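Report on the following structure.
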Amino acid sequence: MAVTAEKEIYTLQNLQEISRTVTGRWEVVRGRLRELAPANFKHGVIAGRLFARLYQFAESHGVGYVLMAETGFILSEEPVTLRAPDVAFVRRERVPTGDLPEQFAHFAPDLVVEVLSPSDTYSALAEKVGDWLEAGVALVWVVDPQGKKVYIYRKEQPVRVVGDDEILSGEDVLPGFECRVSEIFT
Amino acid sequence: MAVALEKRTYTIDDLWELSHRSDKRMELVKGELRELAPANDEHGYVASQLLLVVAQFVKQHRLGYTFAAETGFVLSEEPATVRAPDFAFVSRERAPEDWSRHFARYIPDLVAEVVSPNDTFTEVTEKVDDWLRSGVRVVWVVDPAQQTVRVYRPDQPVRVLRAEDTLSGEEVLPGFECKVSEIFAR
């Protein structure tokens, strides 16, 4: 998603303040605020389809939570990095029992989905994927609507590409989850 | 940054013809012509620094040949793909007896791409994929904005090198080492 602004250095303590003053979607990357542009229509449809499929699977198997685009995850404190993926899955056991926390998640998701916009730069996207993997995300899907394919990133593993006629799998993160890639793009 | 031109399928001969009639830098990707815009100053500077250190090492150790940014390499004849990396190294084993004085019909051992701020994720990722699938052994994606070098090798995880890390020639350029910060330093 496109970066629209970059300002001074923020800390963990400033995050609440940003929530109050910045109305759109934002991230903080190593202390720097980045406001994110709203997604285009196709991006929204594709992210929605993946969310729906992941949600249905996670709910019916009781394996965890599937979160929508606005959710913030604090990946590091000093300097502070807070990222907001397009879709995230968090295994049930990662979340404390009782009421769900009404704060930013202070941990990394297990699975992250990022849907590419045509304006997404290599520099920003490669940095974002690197941040997710370093923070401990087991599986990152970068969904390319133009190329009709999904790039699969895992720590210490080569990048894999799943094409339009292939199956996207939840692997060991969401065992049993399968989705035909063409279903997401048609 | 590549700009797609008129939609028709071009052959390698068409591109060769065009390269004589036009002074624009162009690539051919699966028969589609792409114009390469002139690079920004930082891009050009960083590319030249990298070329300088590697070329010196290659020459000194008689390992092969280095190529500056305009060189076209034929990655496939059908569909026609001719790419022009920012920098390439061809070992003596892969290099021809004499120059063909045409696009190179041999594959570099090492390729470097310096990314510009507007280069999209898809564009750069596809370029890296093309190089690796054609037999390039190492691709360095040099990002001046992030001060990083990402090292791509076939069937291996991507490695991210930061300013304080050392860029190594591994078995492609045995003995070559250079501090990442050295490439970016003014």
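List of remarks:
- Simple Cβ-charge dipole of segment A:39-185, Lys/Arg +1 and Asp/Glu -1, about Cα centre, in debye nearest 20: 320 debye
- The calculated FRET efficiency for the pair A:VAL161 and B:ALA185, based on their C-beta separation and a Förster distance of 30 Å, comes to about 0.30.
- Near the amide H of A:LYS149, within less than 5 Å, lie the amide hydrogens of A:ASP144, all on another chain or at least 5 residues away, with H placed in the peptide plane.
- Taking every C-alpha pair closer than 8 Å and separated by at least 6 residues, the mean separation divided by the residue count of segment A:39-185 gives a relative contact order of 18 percent.
- Kirkwood Rh and Cα Rg combined as Rg over Rh, evaluated for segment A:29-131: 0.97
- Mean-position separation - Cα centroids, segment B:125-186 and segment A:1-76, in angstrom: 30 Å
- With all protein chains in place and a 1.4 Å probe, the accessible surface of the protein assembly as shown carries 50 percent carbon and sulfur.
- Folded to 0 to 90 degrees: helix A:41-61 orientation relative to chain A principal axis, Cα: 70 degrees
- Chain A contacts chain B over a buried accessible area of about 1700 Å², both sides summed; the probe is 1.4 Å and only protein chains count.
- Summarising the amide proton neighbourhood of B:LYS30: residues at separation of 5 or more, or on other chains, whose placed amide H is nearer than 5 Å comprise B:THR81, B:VAL82.
- Per-residue ellipticity at 222 nm from helix content only, as computed over the protein assembly as shown with -39500 (n - 2.57) for each DSSP H run of at least four residues, stands at -8000 deg cm²/dmol.
- Ranked by solvent-accessible area (1.4 Å probe, protein heavy atoms only, all chains present), the residues A:ASP172, B:ASP86, A:ASP164 order from largest to smallest as A:ASP172, A:ASP164, B:ASP86.
- Efficiency of FRET between A:ASP99 and B:VAL53 - r from beta-carbon atoms, R0 56 angstrom, step 0.05: 0.45
- Alpha-carbon centroids, segment B:57-102 and segment A:88-110: separation in whole Å: 51 Å
- A:MET68-B:GLU42 pseudo-label distance in nm [points 7 Å out on the Cα-to-Cβ vector]: 3.7 nm
- Folded to 0 to 90 degrees: helix B:41-60 orientation relative to chain B principal axis, Cα: 70 degrees
- A 1.4 Å probe run over the protein chains yields, for segment B:24-135, 47 Å² of accessible area per residue, whole-number rounding.
- Label-to-label distance, B:GLU77 versus B:GLN156, with points set 7 angstrom from Cα along the beta-carbon direction: 3.2 nm.
- Magnitude of the charge dipole for the protein assembly as shown, about its Cα centre and with charges confined to Cβ atoms of Lys, Arg (+1) and Asp, Glu (-1), is about 140 debye.
- Cα centre as origin, Lys/Arg/Asp/Glu Cβ charges: segment B:1-115 dipole, Debye: 200 debye
- Separation of the A:ALA52 and B:GLU93 label points, Cα + 7 Å toward Cβ, nm: 5.3 nm
The values are calculated or read from the model by the stated rules, or taken from the named source; none is laboratory data. Predicted model, so just to flag it, every value in this text is computed and none were measured. Glycine gets a Cβ as well: all are built from the backbone with ideal geometry, and neighbour counts include every protein chain shown. SASA here: full protein model, heavy atoms, side chains in, ligands and nucleic acids out. Shrake-Rupley method; radii C 1.70, N 1.55, O 1.52, S 1.80 Å.
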